[in-house]
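Notes to accompany the following structure.
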Amino acid sequence: MKILTTILLGFIFSAVQAQLPKADIITTPKGNVTIQPVFHASLVLEFNNVAIYVDPINGEDTYKDLKKPGLVLITHIHGDHFDMKTLNGLDLSNATLVVPQSVADKMPAEWKNKIVVLHNGGSTVQHGIPITAIAMYNMPGDSTVHHPKGKGNGYVLNLGGKRFYISGDTEATPEMRSLKDIDVAFVCMNLPYTMDVEEAASGVLAFKPKIVYPYHYRTPTGFSDVAKFKSLVNAGNPSIDVRQRNWYPGVK
């Protein structure tokens, strides 16, 4: 695990501070959801005056112009998703952290009252937002893989009646393929840690989100071909809106 984390930190944290990409707006029956891509697997959703930070990394300055978090979701313990230095630099005074047990075990004891632990399949409601933890893992899911089953969470959030899926680090597992009624999805694709674009497209075509953002697509040698991902998805289902955004500002 230490070796994997070191490798991830080596090629992910080489970023420089750069202007964040333009935010997207998703309309819901109960108000707008703002989607702010940040970096790699990091994003910030804002709904009903609550800022939801997902896997915040890359230093506190990356978030200096964003609303302070009311909710923080962390998928798993790898350093490109869980970074205590970044978390310590954020204003978490009014934040709730939803995390798997493996992450909770590495957090300070004084944060205990802020932490909600979800296991795969578990649900909670925080700040009026229903959240369900979805299993994220490499198949076959045992201890030989980068992401064993049960150690991390993807998440489905209900924001204003629309369902948002955040994959975390996973392959196109049965749990992903069987998702229903997903309006917006964020799907990873970077071998050797998650899956290739073909498998990611296959998973997306199985659960049919209305909108999908390819994210977490940097590999140790470059970037996954997100244009190919879009082509594969739209060849199978032209109605899926594949939105390519720059998740690596300042990285070449």
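Contact map, region 81-95: residues that are in contact (Cβ under 8 Å) with a residue 60 or more places away in the chain and within 28 Å of residue 194 (Cα to Cα) paired with residues that are part of a loop (DSSP other than H, G, I, E, B) and β-branched (Val, Ile, Thr), Cβ distance under 9 Å, separation 6+ or inter-chain. Pairs shown: 81/57; 81/74; 81/75.
In region 220-232, the residue that is surrounded by the fewest Cβ atoms within 10 Å (Cβ to Cβ) out of those that are at pLDDT 95 or above and among the polar types (S, T, N, Q) is 231.
Tell me whether region 34-48 contains one or more residues that are part of a helix (DSSP H, G or I) and either under 22 Å from residue 212 (Cα atoms) or in contact with a strand residue (DSSP E or B) (Cβ under 8 Å, 6 or more places away or on another chain) (or both). No, region 34-48 contains no residue that is part of a helix (DSSP H, G or I) and either under 22 Å from residue 212 (Cα atoms) or in contact with a strand residue (DSSP E or B) (Cβ under 8 Å, 6 or more places away or on another chain) (or both). For first residues located in region 216-244 and over 21 Å from residue 41 (Cβ atoms) and free of Cβ contacts under 8 Å to residues at least 12 places away in the same chain, partners that are aliphatic (A, V, I, L, M) and surrounded by 16 or more Cβ atoms within 10 Å (Cβ to Cβ) and lie 6+ apart or on another chain with Cβ distances below 8 Å form the pairs 234/240; 234/242. If you go through region 221-252 and keep only what is assigned to a loop (DSSP other than H, G, I, E, B) and closer than 20 Å to residue 57 by Cα, you end up with 245, 246, 247, 248, 249, 250, 251, 252. Looking across region 147-163 at every residue that is touching an Asp or Glu at 6+ places or on another chain (Cβ under 7 Å) and in contact (Cβ under 8 Å) with a residue 60 or more places away in the chain, the one that is nearest to residue 117 (Cα to Cα) is identified as 152.
The values are calculated or read from the model by the stated rules, or taken from the named source; none is laboratory data. In this text the structure is predicted, and so the values were computed from the model without any measurement. Quick reminder, even Gly has a Cβ in these numbers, built from the backbone with ideal geometry, and neighbours come from all protein chains shown.
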